[in-house]
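What follows is one structure encoded as structure tokens, with my remarks underneath.
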Amino acid sequence: MIAAPRFLKFSAETPTLNLALDEALLDHCERGDGPREGVLRIWESQTPFVVVGIGNCVASEVEVAACRAAGVPILRRCSGGGTVLLGAGCLNYSLVLPLAHDPAFASVATTNTFIMQRQRDAIAPLVAPPITINGHTDLCLAGKKFSGNAQRRRREFLLFH
């Protein structure tokens with residue numbers, strides 16, 4: 001069994017740097033320069049921004065003119081998943097884990113199930129209504145989504161955020 005990932009509480013100054021740091025942590029571990037047990041980073045952006053998944057089309061997913069008028073940057077992350085608006089008050093996490101950590105990490109679908117069930121079970125005692133997993137990567141409380149998740153996989157490590 002692999003040890004728990006190293007914990008890093010660090011928010012970069014800009015949304016661009018926070019997204020770049022997620023990818024850099026994955027690359028760092030993949031190269032063998034990072035901790036073999038992986039990394040868990042918790043961060044928050046003080047600046048609002050829209051982030052789209054690697055395969056999403058900005059023109060069809062984002063109100064580009066409204067973002068420009070409001071000065072809200074539109075960024076792309078290295079992982080899949082849907083488009084979201086983030087900013088102050090949105091707690092973000094970046095979990096880099098070795099694929100060898102558990103057989104459940106053999107595929108995207110089984111990794112989603114493994115991590116989402118553990119998130120649900122960890123948060124459930126803290127809230128009254130039950131937490132449900134909707135779709136493949138959303139956590140909901142009383143039917144309202146409060147967490148969306150995505151992953152990026154390399155040969156030996158994955159990023160789940």
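The values are calculated or read from the model by the stated rules, or taken from the named source; none is laboratory data. Note that the coordinates shown come from a computational prediction; the quantities given were computed from them, not determined experimentally. Reconstructed Cβ throughout: ideal geometry from the backbone, glycine too, with neighbour counts over all protein chains shown. Ligands, DNA and RNA are excluded from the accessible area calculation, which covers all protein heavy atoms including side chains. Shrake-Rupley method; radii C 1.70, N 1.55, O 1.52, S 1.80 Å.
Remarks
- Theoretical ellipticity at 222 nm over the chain - DSSP helices of four or more residues, -39500 (n - 2.57) apiece, nearest 500: -8000 deg cm²/dmol
- The mean of 1/r over all distinct Cα pairs in the chain, once inverted, gives the Kirkwood hydrodynamic radius of 16.5 Å.
- Pairs of Cα atoms nearer than 8 Å and 6+ residues apart set the relative contact order; for the chain it is 23 percent.
- Taking the accessible area of the chain, probe 1.4 Å, and keeping the other protein chains in place, the carbon and sulfur fraction comes to 59%.
- Net charge of the neighbourhood of Asn56, taken over other residues with C-beta under 12 Å away and scored Lys/Arg +1, Asp/Glu -1, is +1.
- Put the Cα centre of region 95-114 next to the Cα centre of region 123-161 and the gap is 14 Å.
- Surface per residue (accessible, 1.4 Å probe) for region 78-136, Å²: 52
- Leading residue at positive end of dipole, the chain (Cβ point charges), from Gln119, Ser45, Gly81: Gln119
- Between Pro35, Val58, Thr14, the Cα set farthest toward the positive side of the dipole of region 1-64 (charges on each charged residue's Cβ, about the Cα centre) is that of Pro35.
- With all pairs of separate Cα atoms included, region 15-61 yields a Kirkwood hydrodynamic radius of 12.7 Å.
- Dipole size of region 1-135 about its Cα centre, with +1 on Lys/Arg Cβ and -1 on Asp/Glu Cβ: approximately 120 debye, rounded to the nearest 20.
- A DSSP coil position with no more than 13 other Cβ atoms inside 10 Å describes the following chymotrypsin sites (Phe, Trp or Tyr not before Pro) in region 10-51: Phe10.
- When the P(r) of region 83-161 is calculated, the portion above 15 Å amounts to 58% of the C-alpha pairs.
- Taking Cβ atoms as reference points and 14 Å as the exclusive limit, the residues near Thr16 contribute a net charge of -1, counting Lys and Arg as +1 and Asp and Glu as -1.
- The GluC sites (Glu not before Pro) of region 1-110 that meet both conditions, a loop assignment by DSSP and at most 14 other Cβ atoms within 10 Å of the site Cβ, are Glu13, Glu44, Glu63.
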